[in-house]
Amino acid sequence: MSSKNILICDDDEGILDVLELILEETGHTIIPEKNSLNVRSLIEKKMPDLIILDLWMPVLSGDQILQMIRTTPAYKHLPVIMISASRDGEQIANDHFASAFIAKPFDYDNLIAQVRKLI
Amino acid sequence: MNTFERGKFLFSGATKNESFELLTKALDASISGIIITDNSQPDNPIVYCNGAFESMSGYSRNEIIGHNCRFLQADDRSQKEREILAKAVNEGLGCTVEIRNYKKNGDLFWNELYMSPVKDGDGKVTHFIGVQNDVTYRKKVEHDLRQQKANMEKMVEERTLALRDSEAFLTSIIETVREGLLVLDPNFTVLSANYHFLKTFKVTVEETVGKQLYALGNNQWDIPLLRNLLVKILPTNNPVVDFEVEHEFPHIGKKLMLLNAYRIELEGQFKDQILLAIEDITERKEIERRKDDFLSIASHELKTPLTTIKGYMQVIERSLPSEASEKFKSTIGKVSQYVERLNNLISELLDVSRIQTGNIELHEARFEFDKMVSDVVDGIQSSAHNHKIILKGKTNTSILADETHIIQVLNNLLSNAIKYGPDSEIIEVNISNVSEYVKVSVKDFGVGMSAQDTKRVFERFFRGSEIQQRFPGMGIGLYVCDQIIKNHKGTLWVESQKGKGSIFSFTLPKNGKGSDEQ
């Protein structure tokens, strides 16, 4: 299995760190990003194979980024896992055609399983 | 012998004596007291009295004859009637008075006295004749009557005052109440509006009283829902309670109002008038919404660091060196367990808030019921090492419900079974088909509870009396479960015996909450 790029965007540094730590186990390259405004250029530059997106982020929210991805022909089929501690997170994720939704706080095994399923 | 001639006594010849005797007897037979005084003698002494006068006055004849009449007034000398009598005597005229007299034993009696003079051939007054009647009883009745009348007048005055008082009192209540109140006549013309109404809707009395309700404030009260309430609902359903109306008012903005309406059916001047109480719940709803928003944000923000903690905990658990001590391992396990509990508490807080404000939404979808139950059981079993959960029965059904909510209920019941049965090993879960419902029972062999506690166990923040000290918790879980099952139009109940354990059961309609409405 060749190494792939996983882009993680969450405005909370703690979550970004722990996600990076856990996902290292998969052997993939992790690209953590705190500022959601940088996601678009990172997609262009790093060509990630999977994006893990937080929902509630300042300025540009997860659902807005997801919408941008799904309406851009080049990235339309990019797998996106949406993560959120919000109660209506799953609803929003489904409405915007996320590939999967994981509620915060997430379960280690579930997270790994979801990631493996998508790449 | 003929004593009478043309109906009068005949005082001549042989009948004179007989006539006189008869006349004396007639005087004695009279029930009026009769006296004769001799005006020619000094001080006008009484020279004759009949029997009635004796019994009326209580004096005997020998105590009467020779006295002036005034002895009857005893010490009560200042009566103006005495002056009238004296004047009549002086002038030789007749008169009638009602005068206070006293019997021999001192008792007062009212004497209605007719006095008339007797004149001789020269017109000189020789005697006076007094005819007297005891009118004490009549006087008393007259007095009582007057008293009664006075009392009545006083009472009417008092009642009027009391009425005016209570009217003023009621008015001050109505003016003080923090709720708008309108009184309408049968044609919906405003008869009165209280202070709070005027304040809430920023209008004056002049703009309101006497106007048609719908025409108030340039027709801003012409609200279709309100018309519907007054015209259609009120006549059939009196009174109307908690009727919710939302309306955009041109100047004061959108208002959410709760209306109570009542049409007076009592016969009388108020019949068919309409009382309309208006509670402005705009702010209350807004505060509820803000509270929900606040709790949503708070729970999201609290869960964010919790996510990091839980993530690291899971990393630690997985990278535990095999030579780590049991104590170290169990400590790590405990930390994970309490992180999980903290997470549940945060979720519950938001649930309660949403249930209270009725903001809980159901996302109904079909799912395999048996699989859901066994997944939940497996999930709980994996972390409950001291208990064995036995799943019995099968439904082989898919049901229409909000799966995440039902999972939450089942998780809660199972966690409770473990929590309140720390020393028992077995927990039984039974699932079955019951008519158009599925039924789940969770049976534990734990501490159980008293009959008193089973009645209140689904109340918010209720904690069993003895549970309180021994087990941690907020008393929210079962309340949330009950609300969730109710939202699905199912029922949740408990059977329990102290010291023996509890059975919590719930039913769910297979075809969703709307299934009984068709």
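Only the coordinates and a few stated rules stand behind these numbers; no lab work does. Since the structure is predicted, the reported quantities are computational estimates derived from the model, not experimental observations. Reconstructed Cβ throughout: ideal geometry from the backbone, glycine too, with neighbour counts over all protein chains shown.
Only Cα pairs under 8 Å and at least 6 apart count here; give the relative contact order of chain B as a rounded whole percent.
With pairs under 8 Å counted, the relative contact order is 7 percent.
Could you list log10 I(q)/I(0) for segment B:74-121 at q = 0.20, 0.31 Å⁻¹, which the Debye formula gives when each Cα is one point scatterer?
So the normalised log intensities work out to -0.71, -1.16.
Arranged by the count of other C-beta atoms within 10 angstrom, fewest first, what order do A:Met57, B:Met372, A:Met47, A:Met82 take?
Neighbour counts put them in this order, fewest first: A:Met47, B:Met372, A:Met57, A:Met82.
Given a Förster distance of 30 angstrom, what is the FRET efficiency for B:Glu246 paired with B:Leu266, based on the Cβ-Cβ distance and rounded to 0.05?
0.40
Based on the Cβ-Cβ distance from A:Lys76 to B:Ile426, what FRET efficiency comes out when R0 is 51 Å, to the nearest 0.05?
Calculated value: 0.45.
Per residue of A:105-112, how many C-beta atoms from partner chains lie within 10 Å of its own C-beta, taken as a mean?
Going residue by residue through A:105-112 and averaging, the value is 4.
Shielding by partners for B:308-319, please: the mean number of other protein chain Cβ atoms within 10 Å of each residue's Cβ.
5
Give the angle, between 0 and 90 degrees and rounded to the nearest 10, that separates the Cα long axis of helix B:369-383 from the longest principal axis of the Cα atoms of chain B.
80
Scan segment B:264-368 for trypsin sites (Lys or Arg not before Pro) in coil per DSSP, keeping those whose Cβ has at most 15 other Cβ atoms within 10 Å, and list them by number.
B:Lys271
What FRET efficiency, computed as 1/(1 + (r/R0)^6) with R0 = 22 Å and r the Cβ-Cβ distance, is obtained for B:Ser19 and B:Asp120, rounded to the nearest 0.05?
Efficiency, from the Cβ-Cβ distance: 0.60.
Just in segment B:259-310: which GluC sites (Glu not before Pro) are loop by DSSP and have at most 13 other Cβ atoms within 10 Å?
For GluC sites (Glu not before Pro) across segment B:259-310 that sit outside H, G, I, E and B with at most 13 neighbouring Cβ atoms in 10 Å, the list reads B:Glu265, B:Glu267.
Need the full-extension length gain, B:Thr176 to B:Glu283, defined as separation in residues times 0.36 nm minus the C-alpha distance. One decimal, nm.
Separation in residues times 0.36 nm, less the Cα-Cα distance, equals 36.5 nm.
Between B:Asp28 and B:Val141, what length comes free when the chain is fully extended (0.36 nm per residue of separation minus the Cα-Cα distance, one decimal in nm)?
37.9 nm
Where does the Debye-calculated log10 I(q)/I(0) of chain B sit at q = 0.10, 0.12, 0.13 Å⁻¹, using only Cα point scatterers of equal weight, no solvent?
For the requested q values the scattering log ratios are -0.99, -1.13, -1.22.
Might you report the magnitude of the Cβ-based charge dipole of segment B:31-134 about its Cα centre, with Lys and Arg at +1 and Asp and Glu at -1, to the nearest 20 debye?
Magnitude of the dipole: close to 80 debye.
Tell me the angle of helix B:282-318 to the major Cα principal axis of chain B, expressed in degrees between 0 and 90 and rounded to the nearest ten.
30
Nearest 500 deg cm²/dmol is fine: what mean residue ellipticity at 222 nm does chain B get from its DSSP H runs of n ≥ 4 alone, each adding -39,500 (n - 2.57), divided by its residue count?
-13500 deg cm²/dmol
How charged is the neighbourhood of B:Met56? Take every other residue with its Cβ under 9 Å from the Cβ of B:Met56, and add Lys/Arg as +1 and Asp/Glu as -1.
After counting each charged neighbour, the total is -1.
How far is the Cα center of segment A:51-119 from the Cα center of segment B:238-268, in Å?
Cα centroid of segment A:51-119 versus Cα centroid of segment B:238-268: 47 Å apart.
In units of 2.2 N^0.38 Å, what is the alpha-carbon radius of gyration of segment B:177-280?
Ratio of Rg to 2.2 N^0.38 Å for segment B:177-280: 1.00.
Over all alpha-carbon pairs of the protein assembly as shown, lay out the pair-distance distribution in 20 Å bins, whole %, shortest bin first.
13, 25, 19, 11, 9, 11, 9, 3, 0
Tell me the Rg and the Dmax, in Å, that the Cα atoms of segment A:5-118 produce.
That works out to 12.6, 33 Å for Rg and Dmax.
How do B:Asp351, B:Asp242, A:Asp95 line up, fewest other C-beta atoms within 10 Å first?
Arranged by neighbour count, lowest to highest, B:Asp351, B:Asp242, A:Asp95 become B:Asp242, A:Asp95, B:Asp351.
Per-residue Cβ counts within 10 Å, from other chains only, averaged over B:294-303: what number is that?
Mean partner shielding for this stretch: 3.
Extending each Cα 7 Å along its Cβ direction at B:Asn511 and B:Phe9, get the distance between those two points in nm, one decimal.
In this crude label model, B:Asn511 to B:Phe9 measures out at 11.9 nm.
How many percent of the alpha carbon pairs in segment B:365-518 exceed a separation of 19 Å?
51
About its Cα centre, what dipole magnitude does the protein assembly as shown give when the only charges are +1 on Lys and Arg Cβ and -1 on Asp and Glu Cβ, stated in debye to the nearest 20?
720
Determine the dipole magnitude for segment B:239-329: charges of +1 sit on the beta-carbon of Lys and Arg, -1 on that of Asp and Glu, nothing else is charged, the reference point is the Cα centre, and the result goes in debye to the nearest 20.
So the dipole magnitude of segment B:239-329 works out to roughly 600 debye.
Please go through segment B:336-424 and write out the chymotrypsin sites (Phe, Trp or Tyr not before Pro) that DSSP classes as loop and that have at most 11 other C-beta atoms within 10 Å.
The qualifying sites: there are none.
Please report B:Ile36, B:Ile65 as a ranked list, fewest other C-beta atoms within 10 angstrom at the top and most at the bottom.
Ascending number of Cβ neighbours within 10 Å: B:Ile65, B:Ile36.
Where the centroid of each part is defined by its Cα atoms, how far is segment B:319-392 from segment B:63-124 in Å?
116
Just for the Cα atoms in segment B:29-167, what are the lengths along the principal axes, largest first, rounded to whole Å?
Rounded to whole Å, the extents work out to 76, 32, 28 Å.
Return the calculated 222 nm mean residue ellipticity for chain A, to the nearest 500 deg cm²/dmol, obtained by summing -39500 (n - 2.57) across DSSP H runs with n ≥ 4 and dividing by the residue count.
-11500 deg cm²/dmol
Within 10 Å, Cβ to Cβ, of A:Asp88, how many net charges do the neighbouring residues add up to if Lys/Arg are +1 and Asp/Glu are -1?
Net charge in that neighbourhood comes out at -2.
Grab the Cα-Cα distance for B:Lys327 and B:Lys291, subtract it from 0.36 nm times how many residues apart they are, and report the gain in nm with one decimal.
Gain on stretching B:Lys327 to B:Lys291: 8.7 nm.
To one decimal place, what orientation-averaged projected area in nm² is obtained for the convex hull of the Cα set of segment B:97-246?
20.9
Report the label-to-label distance for B:Gln273 and A:Glu44 in nanometres (one decimal), using points 7 Å from each Cα along the Cα→Cβ vector.
Label-label distance for B:Gln273 and A:Glu44, simple model: 7.6 nm.
If you wrap a convex hull around the C-alpha atoms of segment B:281-360 and split its volume per residue, what is the figure in Å³?
Per-residue hull volume (Cα only) is 75 Å³.
Report the one residue of B:Ser192, A:Ile119, B:Thr171 whose Cα lies farthest in the direction of the positive end of the charge dipole of the protein assembly as shown (charges on C-beta: Lys and Arg +1, Asp and Glu -1; origin at the Cα centre).
Ranked along the dipole, the leading option is B:Thr171.
Would you kindly compute the Cα radius of gyration of segment B:266-326 and its largest Cα-Cα separation (Dmax), both in Å?
29.1, 94
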